[in-house]
Amino acid sequence: MSRKIGDVILDLQNISLRFGGVKALTDISFDIREHEVRAIIGPNGAGKSSMLNVINGVYHPQDGKIMFRGVERKKMEPHLAAKQGISRTFQNIALFKGMSVLDNIMTGRTLKIKSNLLLQALWIGPARNEEIAHRRKVEEIIDFLEIQHIRKTPVGRLPYGLQKRVDLGRALAMEPQILLLDEPMAGMNVEEKQDMCRFILDVNDHFGTTIVLIEHDMGVVMDISDRVVVLDYGKKIGDGLPDEVRASPEVIKAYLGAGH
Amino acid sequence: MLYRENGQFKTTYAADQQIFTITQDKWFVIAVIAFAFIGVPMIADEYMFRAILIPFLILALAALGVNLLVGYCGQITLGAGAFMAVGAYAAYNFQIRIDGMPLIAAVLLGGLTSAGIGIIFGIPSLRVRGLYLAVATLAAQFFCDWAFLRIQWFTNNSSSGSVSISNLQVFGWTIDAPVEKYLFCLVFIVLFALLAKNLTRATMGRQWMAIRDMDVAAEVIGIRPMYAKLSAFAVSSFFVGVAGALWGFVHLGSWEPAAFSVDRSFQLLFMVIIGGMGSIFGSFIGAAFIVILPIFLNQFLPALGSIVGVTISTAAVSHAELIIFGSLIVFFLIVEPHGLARLWAIAKEKLRLWPFPH
Ligand SMILES: Nc1ncnc2c1ncn2[C@@H]1O[C@H](COP(=O)(O)OP(=O)(O)OP(=O)(O)O)[C@@H](O)[C@H]1O
Ligand SMILES: [Mg+2]
């Protein structure tokens, strides 16, 4: 393996999250190392998506700490997580339906655009130049994801597989340090899955982006992840290398019990 | 020349980010603007200016403002009339209380005041949406109606409650004749439409649309809902406020609070729905439609009635107007939320490919 796995970038300590009486997450701790591909698996309703929502500040856990590069995160707010370089894709694609592919991906650049409202309204100097510079960056992503032909299409009109790709493009436009992917391959055919795997591994390879991946397809998980966390009913029941996790009796039981 | 984009290859991103990426569109709009400045003053008569063109321009500006908020940012408002009133009364007070205040400055200050008030009344949008937000903005409407009626200071203690502005001057040019008023408004609307277009193709517009389409995803990208929503309220209220100042100063000359009642708020919202939410062009079509329809029906229905031998009263005409508006709004809300502008876009799409079906 060419890339080197680094230090812990994100450390989750004793995270508990409840919705009223529902315990979505109970006392979960694990860490994520820089440059690795970290998978989160588990049966339906195990709390995987909730975990990602905690990581990027959408859900506020009742207990627990989140350390980003050794510093505790004080406020749980999505845009602060975004500033730290955490971006994500969504399980039920959450694209901006009324906007074109290009504009969707351009929104990923929001935090990097500095010119103020007045300059934008007048479309002069810095505002215009910034717009062009970011467009160039976004076009690189469009090329990378091989979606040049649909760049002006409203995303609402695209087939599911392409929407997933645009969702990834928007997250990549943030040039994230950590990329959270919530079932990026769900509902795809084999070919689309292969493409998606290739994009994920390329991002990880070329930019060293740390990846946290939720995926149901065990083959994919075993193939591309460095370490795996297993959740079941909001509890952590496994954590380790793919082979270790696969051999763990508790994990096998959870999966068989859930009918997989 | 066929309506085609063939051969119009963009070699730079700057070229691809122009306002009109199809050359024919650009020339069409330039031709319309040139006609508005040169042709219209030659052919329109006083009635046309007073009853149709000036109200159309000013209401189009207000509708554009409402569209930025409702169509682009997805925040409903029933208080647009109030923000026109704020713009008009603020401009009025700047004009009469500060010696030598230039007209354009007063109008723009009216807009800025309206923007400030817009931010305050936009705060509920951070917590509520949909129906609840509609009610909150309606409260703004009633509050302003009350304030301008009861707080005498705003109306310079005029005993009748109505205020008036006379002798409009810009750089020594007295704006008096209808054609002059028309041109004055036209300059505003062209410039403001350009500002709106720029904002909507820049990061601000993308943030608004992102909040409109999927607010959780927008936040996760780093868009702050508070900033995006309040800026939409501010910019929208600025546009609407400037339109209000023009409505008072240029169109009416003297006015009472009733000039900016809740009816006006609804009218502006209808313009946006019929014209097309999230379309600058749509704001213009919507305004044109709503300004012209009553006039058209007034002429057309009685004429039609006399052909078939029925007398149609004025009351019947205004009922017909309401029925037509009502059904159109229901139609567009259900069938085509992007309004007439979308129908136009579909027609253009067909034309681009014509005579081939795909
Ligand atoms: N916003 C919410 N409000 C209330 N309950 C929630 C909310 N989000 C998640 N839950 C609950 O938390 C539990 C975990 O849900 P979560 O979506 O995290 O599971 P998951 O592992 O992602 O499942 P799946 O594989 O189906 O996507 C479920 O019981 C769910 O009903
Ligand atoms: Mg999930």
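When restricted to residues that are more than 9 Å from every other protein chain (Cβ to nearest Cβ) and at pLDDT 90 or above, the stretch A:117-128 contains 1. Residues in the stretch B:14-31 that are open to solvent by 70 Å² or more (accessible area, probe 1.4 Å) and in a helix (DSSP H, G or I): B:LYS26, B:TRP27, B:PHE28, B:ILE30.
The residue of the stretch A:36-71 that is farthest from the other protein chains (Cβ to nearest Cβ), among those that are under 15 Å from the mean Cα position of the chain (by Cα) and β-branched (Val, Ile, Thr), is A:ILE41.
Within the stretch A:10-43, the set of residues being assigned to a strand (DSSP E or B), under 19 Å from A:ILE200 (Cα atoms) and open to solvent by less than 40 Å² (accessible area, probe 1.4 Å) comprises A:ILE32, A:VAL37, A:ARG38, A:ALA39, A:ILE40, A:ILE41. Can you name the condition, by its number, that A:GLY57 falls short on among (1) more than 9 Å from ligand 1 (Cβ to nearest atom); (2) among the small types (Gly, Ala, Ser); (3) surrounded by 16 or more Cβ atoms within 10 Å (Cβ to Cβ); (4) in a strand (DSSP E or B)? Tallying (1) more than 9 Å from ligand 1 (Cβ to nearest atom); (2) among the small types (Gly, Ala, Ser); (3) surrounded by 16 or more Cβ atoms within 10 Å (Cβ to Cβ); (4) in a strand (DSSP E or B), A:GLY57 fails exactly one: (4).
Can you give me the number of residues within the stretch A:72-91 that are within 16 Å of ligand 1 (Cβ to nearest atom), over 11 Å from the mean Cα position of the chain (by Cα) and more than 10 Å from chain B (Cβ to nearest Cβ)? Result for the stretch A:72-91: 1. Taken together, B:THR113, B:THR137, B:THR174 contain a single residue that is among the hydroxyl-bearing types (Ser, Thr, Tyr) and either within 14 Å of another protein chain (Cβ to nearest Cβ) or in contact with a helix residue (DSSP H, G or I) (Cβ under 6 Å, 6 or more places away or on another chain) (or both), which is B:THR113. When you look at B:VAL310, is it over 29 Å from B:ASN198 (Cβ atoms) and not in a helix (DSSP H, G or I), yes or no? When the stated conditions are applied, B:VAL310 passes them.
Can you find a residue in the stretch A:119-132 that is open to solvent by 50 Å² or more (accessible area, probe 1.4 Å), within 16 Å of ligand 1 (Cβ to nearest atom) and out of contact with any His (no Cβ under 9 Å at 6 or more places or on another chain)? No, there is no match, as no residue in the stretch A:119-132 is open to solvent by 50 Å² or more (accessible area, probe 1.4 Å), within 16 Å of ligand 1 (Cβ to nearest atom) and out of contact with any His (no Cβ under 9 Å at 6 or more places or on another chain). Give, as residue ranges, the helices (runs of 4 or more DSSP H) completely inside the stretch B:215-298 that count at least 3 residues that are farther than 19 Å from B:MET84 by Cα and without any contact (Cβ under 8 Å) to a residue 60 or more places away in the chain. In the stretch B:215-298, the matching helices (runs of 4 or more DSSP H) lie at B:215-221. B:THR77 satisfies every condition listed in (1) outside any helix (DSSP H, G or I); (2) open to solvent by 30 Å² or more (accessible area, probe 1.4 Å); (3) away from chain A (no Cβ under 14 Å) except (2). Taken over the stretch A:60-96, the criterion of being in a loop (DSSP other than H, G, I, E, B) and within 16 Å of ligand 2 (Cβ to nearest atom) is satisfied by A:THR89, A:PHE90, A:GLN91, A:ASN92, A:ILE93, A:ALA94. Apart from one condition, B:LEU194 fits all of (1) open to solvent by 30 Å² or more (accessible area, probe 1.4 Å); (2) in contact with a Cys (Cβ under 8 Å, 6 or more places away or on another chain); the exception is (2).
Of the residues making up the stretch B:109-137, just one is surrounded by fewer than 17 Cβ atoms within 10 Å (Cβ to Cβ) and among the hydroxyl-bearing types (Ser, Thr, Tyr), namely B:TYR132. Among the residues of the stretch A:149-174, the one identified as of a type in the set (A, V, I, L, M, F, W, C), assigned to a loop (DSSP other than H, G, I, E, B) and surrounded by fewer than 22 Cβ atoms within 10 Å (Cβ to Cβ) is A:LEU158. Only residues that are within 14 Å of another protein chain (Cβ to nearest Cβ) and within 16 Å of ligand 1 (Cβ to nearest atom) were counted across the stretch A:179-202, and they come to 3.
Considering only the stretch A:96-116, state which residues are at the interface with chain B (Cβ under 7 Å from one of its Cβ atoms) and not small (Gly, Ala, Ser).
If we filter the stretch A:96-116 for residues that are at the interface with chain B (Cβ under 7 Å from one of its Cβ atoms), which is where we start, we get A:96-99, A:103, A:106-108, A:110-111, A:113.
Hits for the stretch A:96-116 are A:PHE96, A:LYS97, A:MET99, A:ASP103, A:MET106, A:THR107, A:THR110, A:LEU111, A:ILE113.
Can you tell me which residue among A:LYS75, A:LYS65 is open to solvent by 40 Å² or more (accessible area, probe 1.4 Å), of a type outside the set (Phe, Trp, Tyr) and touching an Asp or Glu at 6+ places or on another chain (Cβ under 6 Å)?
The conditions single out A:LYS65.
The values are calculated or read from the model by the stated rules, or taken from the named source; none is laboratory data. Keep in mind it's a predicted model, so treat the numbers as computed, not measured. Note that we place each Cβ from the backbone using ideal geometry, even for glycine, and neighbour counts take in every protein chain shown. Protein only, heavy atoms only, side chains kept; ligands, DNA and RNA dropped before computing areas. Shrake-Rupley method; radii C 1.70, N 1.55, O 1.52, S 1.80 Å.
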